[in-house]
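The values are calculated or read from the model by the stated rules, or taken from the named source; none is laboratory data. Owing to the predicted nature of the structure, the values given are computational and were not obtained by experimental measurement. Quick reminder, even Gly has a Cβ in these numbers, built from the backbone with ideal geometry, and neighbours come from all protein chains shown. When the accessible area is computed, the model is the full protein with side chains, heavy atoms only, and any ligands, DNA or RNA have been set aside. Shrake-Rupley method; radii C 1.70, N 1.55, O 1.52, S 1.80 Å.
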Amino acid sequence: MTKGFIFDLDGVIVDTAKYHYLAWKKLANELGFEFTKEQNELFKGVSRKRCLDILLNDIGKIEHTQKQFDTWMITKNEDYLEYIEKMDESEILPDVPKVLAFLKENDVPIALGSASKNAQPILEKVGLLHYFDTIVDGNNVTKAKPDPEVFLLAAKQLGVKSNDCVVFEDAVAGVEAANTAQMISIGIGDENVLSEAKYNFTDFTQISTDFITTLIEN
Ligand code: B16
Ligand code: MG
């Protein structure tokens, strides 16, 4: 019985949330309102389009046309890409390469399951792309987390049954998506926030290879 391991990107492999925050804050400030780090928490795991919806309608309460909306989507992404351009392996979250290498040594198929449309270039920048057998991201799915589409497609592309998949997630919506897909959900971050996950860890330094072996074998 083969197991498949699926990793979310932002908040699990790298902390790109800080760059999303700076790019959204710049746009908000240009439009004349503030955007706080607390508000940025609401954007984790959420698609770019939905984030802009929340920014304009719920936070800034800015009247706008569809054309302006489309322009601001592009502006935000261009600013975000300037930060991504400077990323390197120093931005990988602790012990992520250790877990990826251990899975590879054990011939376990590995997928990325992210809402981001910039997932592939980010993995390239930080030098982790070669670990992934498949990448499912915002370019491949129509329904955002908590819909399980992203993880179900990842399982399909790995050729693994969904209930034989393990998902690492830092967002509530992502844990919900994994649970709906009947996958084993592992919350990375605050266990009080990610209380619906089957297992919780603050980060990968807390995850032993013995635990990974148990997941692979059971
Ligand atoms: P992009 P994940 C998500 O990544 C981020 O957490 C979220 O803040 C962002 O809006 C979304 O990707 C879309 O990103 O603008 O690059 O397409 O956590 O699902 O890996
Ligand atoms: Mg995430």
For the structure I just gave you, tell me whether residue 161 is under 23 Å from residue 2 (Cβ atoms), surrounded by fewer than 16 Cβ atoms within 10 Å (Cβ to Cβ) and not β-branched (Val, Ile, Thr). yes
Reported set for the range 164-193 where residues are β-branched (Val, Ile, Thr), open to solvent by 30 Å² or more (accessible area, probe 1.4 Å) and closer than 16 Å to residue 115 by Cβ is 172, 180
Item checked: residue 207 modelled with pLDDT of 95 or more and over 23 Å from residue 47 (Cα atoms) -> yes
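Yes/no per residue for (1) under 15 Å from residue 9 (Cα atoms); (2) in contact with a Pro (Cβ under 8 Å, 6 or more places away or on another chain):
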| residue | (1), (2) |
| --- | --- |
| 146 | no, no |
| 153 | no, no |
| 161 | no, no |
| 170 | yes, no |
| 180 | no, yes |
| 192 | no, no |
| 197 | no, no |
| 209 | no, no |
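Let's see how each residue does on (1) among the polar types (S, T, N, Q); (2) in contact with a strand residue (DSSP E or B) (Cβ under 8 Å, 6 or more places away or on another chain); (3) within 24 Å of residue 86 (Cα to Cα); (4) not in a strand (DSSP E or B):
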{"position": "120", "(1), (2), (3), (4)": "yes, yes, yes, yes"}
{"position": "130", "(1), (2), (3), (4)": "no, no, yes, yes"}
{"position": "140", "(1), (2), (3), (4)": "yes, no, no, yes"}
{"position": "151", "(1), (2), (3), (4)": "no, yes, no, yes"}
{"position": "154", "(1), (2), (3), (4)": "no, yes, no, yes"}
{"position": "167", "(1), (2), (3), (4)": "no, yes, no, no"}
{"position": "173", "(1), (2), (3), (4)": "no, no, no, yes"}
{"position": "187", "(1), (2), (3), (4)": "no, yes, no, no"}
{"position": "192", "(1), (2), (3), (4)": "yes, no, no, yes"}
Within the range 196-210, restricting to residues that are hydroxyl-bearing (Ser, Thr, Tyr) and open to solvent by 70 Å² or more (accessible area, probe 1.4 Å), the one that is farthest from residue 145 (Cα to Cα) is 202
* Asked: Right, residue 88: open to solvent by 60 Å² or more (accessible area, probe 1.4 Å), modelled with pLDDT of 95 or more and away from ligand 2 (no atom under 16 Å from the Cβ) or not?
  -> yes
Of the residues in the range 1-32, those that are more than 15 Å from the chain's Cα centre (by Cα) and either modelled with pLDDT under 95 or surrounded by 14 or more Cβ atoms within 10 Å (Cβ to Cβ) (or both) come to 1, 2, 3, 4, 22, 23, 24, 25, 26, 27, 28, 31
Of the residues in the range 94-147, those that are over 21 Å from residue 76 (Cα atoms), open to solvent by 20 Å² or more (accessible area, probe 1.4 Å) and touching a Lys or Arg at 6+ places or on another chain (Cβ under 7 Å) come to 131
